[in-house]
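What follows is a set of notes on a single structure, which appears directly below.
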Amino acid sequence: MKLSEIKSELKKLTTIAFQLPNGELVPNHFHVTEVGKITKHFIDCGGVVRTEEVANFQLWEANDYDHRLHPEKLVHIIELSESKLQIPDLEIEVEYQMKETIGKFDLEFNGTNFLLVSKLTDCLAKDKCGIPPEKLKVKIGEWKQKETSCCTPESGCC
């Protein structure tokens, strides 16, 4: 989801809810502690130099249970960040404190909740570092003989 998309959706809402990949909601007293731009400049295992940029939202929950972030306030924070930090219309990455570490998520919207979507690592240069293409994995017990329309000596049809 891009910044323009979240602002558009927020303008239609009266409350904000973020849903974790396991279906649980982030407690509704969350804060958005930062909105920024993260630039990642790196080299992949194939030797290609790459640059990625995302808009970053950090969600945080404190024990101030009466706190509620309203959609118009979040739109204001986003627009202020875009202006002051010169953030273009980037894809959003959300950080949220999990039990052991900070989780990083993509963001989608289902018409009601903003969905924190799990991110996966991947090799960016599979053709360069010798990773074979994924093969179909079948358990030996699941193999079935092909059915044929011709007779076999054991079938007794001849």
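The values are calculated or read from the model by the stated rules, or taken from the named source; none is laboratory data. Please read all numbers here as calculations on a predicted model, not as lab measurements. Don't worry about glycine lacking a Cβ; one is built from the backbone with ideal geometry, like all the others, and counts go over all protein chains shown.
Data for the structure
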| read-out | value |
| --- | --- |
| Subset of region 1-24 (residues that are under 20 Å from Q97 (Cβ atoms) and either at pLDDT below 95 or surrounded by 13 or more Cβ atoms within 10 Å (Cβ to Cβ) (or both)) | I16, A17, F18, Q19, L20 |
| Strands (runs of 3 or more DSSP E) within region 49-140 that include 3 or more residues in contact with a helix residue (DSSP H, G or I) (Cβ under 6 Å, 6 or more places away or on another chain) and either surrounded by 11 or more Cβ atoms within 10 Å (Cβ to Cβ) or of a type outside the set (A, V, I, L, M) (or both) | none |
| Flag if K99 is more than 23 Å from the chain's Cα centre (by Cα) and either at pLDDT 95 or above or within 18 Å of L20 (Cα to Cα) (or both) | no |
| Qualifying positions in region 1-16 - under 22 Å from H67 (Cα atoms) and within 16 Å of the chain's Cα centre (by Cα) | I6 |
